[in-house]
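Trainee: My questions all concern the structure below.
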Amino acid sequence: MNPNYASIVPPADEISIEHAQVIIVGAGPVGLLAALKLAQGGIDVLLLEADKQVLQSPRATTYMPIVLNELEKVGLFPDIEKAGHKNKEGIIFRKSHAKGGETLAQLKMAQVPKGSVKYDFAGIHLGQQTLAEIILSHCEKQKTFRIRWGHRFVGVKQSGEADPVSVTCVGPVGEKFFSCDYLIAADGAGSAVRRSLCIPFEGFTWQDFRFVASNVKYDFEGYGGFTTANMIVDEEDWAVIARTGPDDAPWRVAFGVRTDIPEADILKQLPAKYERLLPGPRPLKYELVSANPYWAHQRVAATFKVGKVLLCGDAGHSNNPIGGLGLTTGLLDAAAIANCFLRIYNHNESADALLERYAKVRRDAWINYTNPQSIDFKLRVHSFHPEVQAARDGFFNALNTDPSMHLKMATMMNEVIEDEFAQPELNGLPGTEANDVIEGSKSGKD
Ligand SMILES: Cc1cc2nc3c(=O)[nH]c(=O)nc-3n(C[C@H](O)[C@H](O)[C@H](O)COP(=O)(O)OP(=O)(O)OC[C@H]3O[C@@H](n4cnc5c(N)ncnc54)[C@H](O)[C@@H]3O)c2cc1C
């Protein structure tokens, strides 16, 4: 550079590196829950989020007892109970409106004897974005919590065992550099962290339908006897129709469209689909709030751990959303990984073996419980293969004729989580009771 220019060009940027004990990529509900537990345990945690706020797209709506138990341990339950809608009725399986809307079977929480399960309701319904905002508000009260919005993760480097992990983001004004002892990837199914480590996302993508999640204001209860959670069983017009919250919150109508419909035309299917799904007087009068098409997958990362980088939530696994098990499993991952770090930092446990165990236990939980159950859910509303149909008829028949089925299902949803790492003496850590690495997300709705 011509020395005369020195006074007229800006000085070179100073490259600073911000450090945290644990960095989490992704401020979805999974990253936020992990951050809350870590911060409550006094661990210095930094969240890096690509967006400028909590994502608002319509996704999870239902949190089952197995997850509520985890949320209760970190003090979130009262806020979630207040903001959400308790499903005290159960789940209705029914035909589509176009085929008469007849109820095929019903899980009835009223049939579950009082006091026989901890949570005597089938879950709390609440939009995922509100759940995330509630967790964030709790995080913000913690001294050791930091968040950087608008910071998109782009790269990670791990050197020697004793060296910190280096992380690069693209922030509002260019590249930003960070370092940490450990990195948690909670950046969703398209995880940039997972991809940057070349970890295969094994499994398959459903090719028989695209999934559309719409939020709509409509009087389902008034017009059609719908209750909080409804599964519509049909070869073409299968759907999930459920509350996303209390009172005037929109309802979720999630349905499938054929994969040969061009992307640009998918949402044009919606009025005709609603015509076949929605009860009530015609012409239909509804207020569409939002609608997004998705591909649905059954995929799991080949490993949840590479060195000091751990995968969590959708970054590690993705399943079709019909049974509502994706975030359920992810929140249990978050609780488990945070429990590991609480042991490592606050109780000097050896890190590598514990984190290896986390990676195996949570990957196995998805493979052995979440994946088969979520495939069952999808087939139950959609497939008319003779074997599936026979199994479905058997399930419906049992629900309709065997009164013990209601307690059995409620018990499964409340199932106590096995924890091979339980250390009761760790109870009483500041702000948390959770000390377990969670073995399985066994609970489902069947
Ligand atoms: C229609 C639909 C309905 C569903 N219903 C249910 C349900 O009822 N119950 C249930 O349990 N599950 C449900 N799921 C699944 C659930 O939505 C996901 O499992 C959940 O979002 C996973 O949470 P997460 O925090 O792991 O990832 P996400 O919620 O995807 O959050 C990832 C975060 O990472 C950020 N991010 C991404 N890339 C980067 C980057 N490079 N750098 C920094 N930040 C980044 C994103 O902006 C986002 O904030 C549903 C899904 C869909 C699509």
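Read the figures in this text as sums done on the coordinates, not as results from a lab. Predicted, not measured: the structure shown is a model, and the values here were computed from it. Reconstructed Cβ throughout: ideal geometry from the backbone, glycine too, with neighbour counts over all protein chains shown.
Trainee: Starting from the amide H of G155, placed 1.01 Å from N in the peptide plane, find each other amide H under 5 Å away whose residue is 5 or more places distant or on another chain.
Mentor: T168
Trainee: Can you give the FRET efficiency to the nearest 0.05 for K143 and K360, using r as the Cβ-Cβ distance and R₀ = 35 Å?
Mentor: 0.60
Trainee: Give me the distance between the Cα centres of segment 342-389 and segment 243-292, rounded to whole Å.
Mentor: Taking the Cα centre of each part, segment 342-389 and segment 243-292 sit 31 Å apart.
Trainee: Follow-up question, since we're still on this one. Show that you can apply the helix-only estimate: for the chain, add -39,500 (n - 2.57) for every DSSP H stretch of four or more residues, divide by all residues, and state [θ] at 222 nm to the nearest 500.
Mentor: Calculated mean residue ellipticity at 222 nm is -9000 deg cm²/dmol.
Trainee: Related question: So for segment 96-248, taking the charge dipole from beta-carbon charges (+1 Lys/Arg, -1 Asp/Glu), which of A105, P200, Y218 sits furthest toward the positive end?
Mentor: P200
Trainee: Among the listed pairs K88/K285; K88/K273; K73/K408; K37/K143, which have their C-alpha atoms separated by more than 18 angstrom in this model?
Mentor: The answer is K88/K285; K88/K273; K73/K408.
Trainee: Have a look at the DSSP beta bridges in the chain and tell me what percent are antiparallel, nearest 5.
Mentor: Taking every DSSP beta bridge with both residues in the chain, the antiparallel ones total about 70 percent.
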